[in-house]
1. Based on alpha-carbon centroids, what's the gap between the range 60-128 and the range 3-23 in Å, whole number please?
2. With θ taken as phi - 60° and the coefficients 6.51, -1.76 and 1.60, list the Karplus ³J(HN,Hα) couplings across the range 142-152 in order, rounded to whole Hz; mark glycine and proline as x.
3. How big is the dipole moment of the chain about its Cα centre under a simple scheme where the beta carbon of each Lys and Arg is +1, that of each Asp and Glu is -1, and everything else is neutral? Debye, nearest 20, please.
4. Give me the angle, in degrees from 0 to 90, between the Cα long axis of helix 2-62 and the longest principal axis of the Cα atoms of the chain, rounded to the nearest 10.
5. Which percent of the accessible area of the range 1-110 is formed by carbon and sulfur heavy atoms (probe 1.4 angstrom)?
6. Give the long-range amide H neighbours of residue 144: residues separated by 5 or more places, or on another chain, with amide H under 5 Å away, using H modelled in the peptide plane at 1.01 Å from N.
7. Give a quick list of trypsin sites (Lys or Arg not before Pro) in the range 124-173 that DSSP marks as loop, anything other than H, G, I, E or B, with at most 11 other Cβ atoms within 10 Å.
8. Hey, can you find the accessible area per residue of the chain for me, probe 1.4 Å, expressed in square angstrom?
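The values are calculated or read from the model by the stated rules, or taken from the named source; none is laboratory data. Quick caveat: nothing in here was measured; it's all calculated off a predicted structure. We place every Cβ from the backbone using ideal geometry, glycine too, and count neighbours over all the protein chains shown. These accessible areas exclude ligands, DNA and RNA; they are computed on the full protein's heavy atoms, side chains included. Shrake-Rupley method; radii C 1.70, N 1.55, O 1.52, S 1.80 Å.
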Amino acid sequence: ILFSGLLLLLETRTNSTVTAVNQRIDVQREIDLNKAREGEIRSSFTDQYLTRTQILSDYLTEHPDQMTREGLEELSRTARADYLMRFDSAGHELVSSNSYTGFSADANLSEEYRAVLLGYPYAVAGPAADPYTGRMQLGTAVLMTDSKGTPDGFLLAVYSAVELAAELDRMRS
């Protein structure tokens, strides 16, 4: 009887241990699945912001007369960007929709944007805190070309990471 009781106790403990392990595995799978979904959603929103920037770049290529501070301000509002900046092929700011001036890719911008200066079609930086405003932002840079297709600098569009997070929260709900 004692042996049977010990066997029953051992079996009960084994079953509860197996059940607990299975529950932990299920919870971990759910966490991993949610992370994967969130990564896909985040990637799709980043792609959406990158597409907005590409559309703005194409528009500015077709309408160079809009490459003024006022023109960029209007486009920035339309695209719901915090600001837009146009840089030449050396990485120096040509025009901006905000009050920041004198920026260059070497001194003031994230390292991620240098890829565009090397001819890569786009670059994404962030979300990260803007060193000047402290606001969390996501930056997208798109290579711009002249009428012959030669690289001619890039357009930088910076979007609020808070708005991105709000969009992600809405998608999770």
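1. 64
2. Per-residue couplings from phi come out as 10, 4, 10, 10, 7, 5, 8, x, 7, x, 9 Hz.
3. Values: 16 positive and 25 negative charges, 153 e Å.
It comes to approximately 740 debye.
4. Roughly 10 degrees between the two axes.
5. Values: 4110 of 7330 Å².
It is 56 percent, rounded to a whole number.
6. 152, 153, 154, 155
7. On the way: sites: 135, 148, 170, 172; in loops: 135, 148.
When the trypsin sites (Lys or Arg not before Pro) of the range 124-173 are filtered for loop state and at most 11 Cβ neighbours within 10 Å, 148 remain.
8. Details: 10700 Å² over 173 residues.
Ligands and nucleic acids excluded, the result is 62 Å² per residue.
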